[in-house]
Amino acid sequence: MTLLLTFTFLLLARFSGKKDEVKIWTEQTTVDKAIDFENSLSKQIEVLDKNVSLSKSIYPLVDKYKLAKPIIIQREQTGFLPLYAEYFYSESDSIIRYISYDWEREKYGNYFKKQEIWEVESKKLKQYNSEYEKIKSTLIEQLGEPTNQDTEPQKTESTSGRGDYLTRSTVWETDNHYSKLTMIFESMTYRIRWYYYWKK
């Protein structure tokens, strides 16, 4: 009986871990493959039509390719925060060049509604930090050990006059790709973001 209970506990623990695992796409394929991947995760996804662009500071190769409007998918929420997956691809061949996953409440929501959300989220540092650690842990399983990481939120000086805020950062880098997980906990931005791009 004890053996059976132990086995059941281990099975349930393993199942719960898989349930929260972050499913990521890191293959440089045509964008339709990533859409198939998203559809394989859940039938409850929503495709959003938004005009989003990248800056050179976030994607150094932005001038090298003519990028199409990204495919933006809002996944079915299963954890603490909603997840938006964005796939940026070159117009000429539909090859994915840059990927961004954002965990954020109402990312594309109404500005005035978001002000109410920010008030609530500002009291959840512990939950955001916990979610960051959970995402980071599953990314390490899939990407390997980071090349650079912090161990706790860092105070960052604001350049917009809204006061200091907290950030976190973890980087994975190889000769072929660059990947970064960040958290911003600030008066008008409460977000965890992972992005990934190929250097060639």
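Couple of notes before you dig in:
- Label separation (residue 57 vs residue 151): 3.0 nm, computed from points 7 Å beyond Cα along the C-beta direction.
- Helices assigned as whole DSSP H runs in the chain whose Cα atoms extend at least 20 Å along their own long axis and whose mean Kyte-Doolittle hydropathy is 0.5 or higher are found at 2-19.
- In the frame of its principal axes, segment 116-200 has Cα extents of 40, 26, 22 Å, reported largest first.
- Taking 0.36 nm per residue of separation and subtracting the current Cα-Cα distance, fully stretching the chain between residue 138 and residue 166 would add 7.9 nm.
- Taking only Cα atoms of segment 92-163, radius of gyration then Dmax in Å: 16.3, 45
- In range of the label at residue 187: residues from segment 115-140 whose backbone nitrogen is under 16 Å from the point 7 Å along Cα→Cβ: 115-123
- Pairwise label distance in nanometres, residue 68 with residue 106, each label 7 Å out on the Cα-Cβ vector: 3.2
- Cubic angstrom per residue, convex hull over Cα atoms of the chain: 162
- Computed FRET value (nearest 0.05) for residue 200 with residue 118, which takes r as the C-beta separation and R₀ as 45 Å: 0.70
- Cross-link check: pairs 64/200; 50/199; 123/155; 66/200; 69/113; 33/107 evaluated at a Cα-Cα cut-off of 19 Å; pairs beyond the cut-off: 50/199; 69/113; 33/107.
- Computed helical MRE - 222 nm, the chain, DSSP H runs ≥ 4 contributing -39500 (n - 2.57), nearest 500: -9500 deg cm²/dmol
- Nitroxide proxy distance, nm - points 7 Å out along Cα→Cβ at residue 78 and residue 46: 1.9
Coordinate-derived values only; no laboratory data. Here the structure is a predicted model, which means the values were calculated and not measured. FYI the Cβ positions are ideal-geometry reconstructions off the backbone, even for glycines, and counts take in every protein chain you see.
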